[in-house]
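Worksheet: the structure to be examined is printed underneath.
The values are calculated or read from the model by the stated rules, or taken from the named source; none is laboratory data. Keep in mind it's a predicted model, so treat the numbers as computed, not measured. Positions of Cβ are backbone-derived with ideal geometry, glycine not excepted, and every protein chain shown enters the neighbour counts. Remember, those area values only see protein heavy atoms, side chains included, never the ligands or the DNA or RNA. Shrake-Rupley method; radii C 1.70, N 1.55, O 1.52, S 1.80 Å.
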Amino acid sequence: MRRLLNISLLLLMTVAVHAEELDFSFPVSFQGAKPTIADFVTAICNREAPGEWISYVGEDWERNQRGEQTKGRFSVNKRKDYMTYVEQDSEDGYVHKGTSEFRCWACKDSNCVMVAEISHFYRDGVAYVGQYDGLSLFLYDADTRRMEIVYNSDYGMEGPEIDAHFIYTLTRKGIMGVANKPDGGKYKVRYQWNGKTFVKK
């Protein structure tokens, strides 16, 4: 009986350790009544293993916060919960540009905030697929003051209907994606945040 009890306790401890290891949330620090878009960007950039590009953005954001010269250009609109970053340089005869956008929307009927981050990369003005290219969604829980990355599909963002490279932009009400069609036209998709999920328009 004692042996069975010890095994049960060991299993419970193992499950607890694995649950702790699977906690993908991270803290959001802020002053005042609630976090701003700048606070969310800081948290996203400072989380564990954010990826090379977002780490780069975060290092430049820290320089910006200290009033130092930055490698790229930030534009922050706290009133509209929106922030952009653009960094450009010339290398190997090409002009390379990396961009990131961040925007947040309040949840309806719950104490949370949806935060979106998109990053895209260009060479001589032409977009190309990079390792850190695309759209990421984060959900902030005001009760725990933590946020976590969430699956886009869990919040209404369906997979593209065509096999193409989508360039996403963040609008005041949601997200828009544009891709080139094989015939030279444009394929556009729009999603609007309704307070609970993104609805395709």
Note down the net charge around Q65, summing +1 for each Lys or Arg and -1 for each Asp or Glu among other residues with Cβ under 13 Å from its Cβ.
-3
In whole angstrom, the spacing between the Cα centers of the range 32-54 and the range 93-120 equals 11 Å
Using +1 on the beta carbon of Lys and Arg, -1 on that of Asp and Glu, and nothing else charged, what's the dipole of the range 99-143 about the Cα centre, debye to 20?
140 debye
In degrees, nearest ten, helix 37-46 long axis to first principal axis of the chain (Cα)
70 degrees
With a 1.4 Å probe and every protein chain left in place, work out the accessible area per residue of the range 88-174 in Å², rounded to a whole number.
56 Å²
Taking the dipole about the Cα centre of the range 56-201, with the C-beta of Lys and Arg at +1 and of Asp and Glu at -1, give me whichever of V129, A106, V178 is farthest to the positive side.
A106
Just in the range 101-133: which trypsin sites (Lys or Arg not before Pro) are loop by DSSP and have at most 15 other Cβ atoms within 10 Å?
K108
Give me the net charge for the shell around V95: Cβ to Cβ below 13 angstrom, other residues only, Lys and Arg +1, Asp and Glu -1.
-3
Heavy-atom accessible area of the chain with neighbours in place, 1.4 angstrom probe: carbon+sulfur share in percent works out to 50 percent
Using only Cα atoms and rounding to the nearest 10 degrees, what angle (0 to 90) does helix 52-65 make with the longest principal axis of the chain?
80 degrees
Between the DSSP loop rule and a limit of at most 13 other Cβ atoms within 10 Å, which GluC sites (Glu not before Pro) in the range 108-201 are left?
E158, E161
Just the Kirkwood number for the range 33-112, please: inverse of mean 1/r across all distinct Cα pairs, in Å, one decimal.
13.9 Å
If each DSSP helix of 4+ residues adds -39,500 (n - 2.57) and the sum is divided by the residues in the chain, what number results at 222 nm, nearest 500 deg cm²/dmol?
-7000 deg cm²/dmol
Relative contact order in percent for the range 102-188 (Cα pairs under 8 Å, 6+ apart) equals 19 percent
Net charge within 14 Å of L170 by Cβ-Cβ distance, Lys/Arg positive one each and Asp/Glu negative one each, not counting L170 itself?
+2
Order these peptides, 177-183, 96-102, by their mean beta-carbon neighbour count within 10 angstrom, highest first.
96-102, 177-183
Counting other Cβ atoms within 10 Å, which chymotrypsin sites (Phe, Trp or Tyr not before Pro) in the range 118-187 have at most 15 and lie in a DSSP loop?
Y151
State the cysteines of the chain left without a partner when partners are defined as other cysteines whose beta carbon lies under 4.7 Å away.
C45, C104
I want to verify the translational diffusion coefficient of the chain in µm²/s; compute it with Stokes-Einstein, Rh as the Kirkwood radius over Cα pairs, at 37 °C and 0.692 mPa s.
173 µm²/s
Quick check on packing: order 71-82, 32-43 by the mean number of other C-beta atoms within 10 Å, highest mean leading.
32-43, 71-82
Toy charge model, Lys and Arg Cβ at +1, Asp and Glu Cβ at -1: the range 134-180 dipole around Cα centroid in debye, rounded to 20, equals 300 debye
To the nearest 10 degrees, how steeply does helix 2-21 sit against the main Cα axis of the chain, on a 0 to 90 scale?
20 degrees
Straight-line reach from K173: which lysines fall under 24 Å, measuring Cα to Cα and dropping same-chain residues less than 8 apart?
K34, K78, K80, K108, K186, K188, K196, K200, K201
